[in-house]
Amino acid sequence: MLSLETQMYILAGAVGLYILSSLIYAYKLATEKSVPDMVILVDSLTYDLAVFIVALSILTQNAYLAVGALPLAIWAYVFDIYMSKYLEGRELGD
Amino acid sequence: MMEAATLLWIYFYSVLLVTVFLSLYGVYRRPNVLKKIIMLSIFGDAANVLAVLMGFRKNAASPPVYPGQTYTEWSAPNSTQLQQFASAAVDPVPQVLVVTAIVIGLAVLIFLSAAAILLYRHYGTLDVRLIRQKIIEGGVEE
Amino acid sequence: MFQGPIIFGLTVNEILLAVFLTLALIFTYKTLVERDLVKAVVYSGGEAVSYALAFVVMYAPDLVLAYVAVGLGIYSALFLFVITRTERYEKEVVEA
Amino acid sequence: MVTDALTLIGQVLGCLGLVLALVGAVNDLIAAIGFVRFKNFYLRLHALTVGVIGGTFYPLIGLGTYALFCIAPPLGYYVAGVSYVTAFFVLITAPAGSHAIARGAHRAGYRPEPAREDKLAKDREEGVME
């Protein structure tokens, strides 16, 4: 099978691709005009970075770093719900 | 010619200081009260990151949480393991302080938001220049 | 222990930290010059995500638990609540 | 003998998970290009779907499998648990969130710009559906 060095370099390549796509998302977020587009761009950025945290935790052999993935995914969903409620023109407590 | 690492660390501190001064400029110059509050939140966040960066260390190599390294049966680490751990670990004291600072900043911002809503109910606007005009015209003192 | 490649004497964590701090600076500038306050709130959410990832690469993931909840969730909800109760656009000039 | 076969199966599954993570990274890059290239908001929702399911859910499953079979037990079990739970919650919450934001955008007046016909807006004007 693949040696350990090869596995780690494949993982590092995946981390590099995630960073590249996050930079594209951030560029698009900085030049975007309408509000729903910006909201789904923040979503994509957050989900990307959740995977990035887990990959970084495997890459540095540190279990302590993987904690942040679940809150990132959950609070991006909450951000979605708040913005859609605002766009529908309803109060936040409805 | 300095090393690349030294230049990068100078860049970290300078970009954080630029963020801090940009947000303070926003607090001072923007007319809307809510924009002032948003820039104040960014100011607090940048200050927190600055505090954590002071505890970060060059070539910090992913310390294990416990020096003994086993999770099921804990054994006291010997002096070599402790030395390795202390030579690679980041400083935990600013992180503990920043947890408190985040929560207190949240409380302060909730108070300021309630004050902004009351201000809008009283004057009908959030622009500080219009509020000053209304105070001068209406003869309300302070 | 695999520490990743060392590029010009820099570890991967330092390069990623530079990237995330620069992203946060760009989002702060966009928040400063934006007239629409809803867009300013979304930009501040992106800035919160950038700082959370800066915390991760600085080996402080316990702060991420508190900071993502506060910066992306509660600040956005709070500011949107204030916007629904008050006005949305920031005025540029004032007639005398 | 049996132990060797089980170890080999574990290695194969771990490497398949690693390949899944790499494919997911490529998917995410495709989604990012789609965000740049597509014309309006309702088309970009397709790119969001590629970025969430193909670029987040499958790589998390792959990384969890890799950590379960190819990393020494305490760290491996921990990372596998975190990634499986995160993948489950992403699978539940992301479609609900994208549906909510699409509905809110259509109610707020963002129309699909190069479109032949918008039947939802027409139905809502005629009062067929609320």
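Bear in mind these aren't lab numbers, they're just calculated from the coordinates by the rules spelled out. Just so you know, these numbers come straight off a predicted model, no measurement behind them. Cβ: placed from backbone, ideal geometry, glycine included. Neighbour counts: every protein chain shown.
Computed quantities for the displayed model
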| item | result |
| --- | --- |
| Count of residues meeting criterion [more than 18 Å from B:GLY44 (Cβ to Cβ) and touching a Phe, Trp or Tyr at 6+ places or on another chain (Cβ under 6 Å)] in the stretch C:19-34 | 1 |
| Residues of the stretch A:12-24 satisfying the condition of being more than 7 Å from chain D (Cβ to nearest Cβ) and of a type in the set (A, V, I, L, M, F, W, C) | A:ALA12, A:VAL15, A:ILE19, A:LEU23 |
| Filtered residue count, the stretch D:1-52, keeping only those that are more than 30 Å from A:SER3 (Cβ to Cβ), outside any helix (DSSP H, G or I) and not aromatic (Phe, Trp, Tyr) | 2 |
| Residues (outside any loop (DSSP other than H, G, I, E, B), of a type in the set (S, T, N, Q) and facing another protein chain (nearest Cβ under 7 Å)) located in the stretch C:40-94 | C:SER44, C:SER76, C:THR84 |
| Residue in the stretch D:72-91 that is more than 7 Å from chain A (Cβ to nearest Cβ), over 26 Å from A:LYS28 (Cα atoms) and assigned to a loop (DSSP other than H, G, I, E, B) present | yes |
| Output for the stretch C:19-39, where each listed residue is facing chain B (nearest Cβ under 10 Å) and touching a strand residue (DSSP E or B) at 6+ places or on another chain (Cβ under 9 Å) | C:ARG35, C:LEU37 |
| Pair list, Cβ under 7 Å, 6 or more apart: the stretch B:103-126 residue facing chain C (nearest Cβ under 7 Å), other residue among the charged types (D, E, K, R) | B:ILE117/C:ARG85; B:TYR120/C:ARG85; B:LEU126/C:GLU87 |
| Conditions (1) in contact with a helix residue (DSSP H, G or I) (Cβ under 8 Å, 6 or more places away or on another chain); (2) farther than 19 Å from D:SER98 by Cα: number failed by A:THR60 | (1) |
| Residue match in the stretch C:39-55 (condition: farther than 20 Å from A:ALA26 by Cβ and touching a Phe, Trp or Tyr at 6+ places or on another chain (Cβ under 8 Å)) | no |
| Selection from the stretch B:1-44 of residues that are closer than 18 Å to C:LEU17 by Cα and touching a residue at least 40 places away in the same chain (Cβ under 8 Å) | B:ALA5, B:TRP9, B:PHE12, B:TYR13 |
| Counted residues, the stretch A:33-52 - those being at the interface with chain D (Cβ under 9 Å from one of its Cβ atoms) and surrounded by 18 or more Cβ atoms within 10 Å (Cβ to Cβ) | 12 |
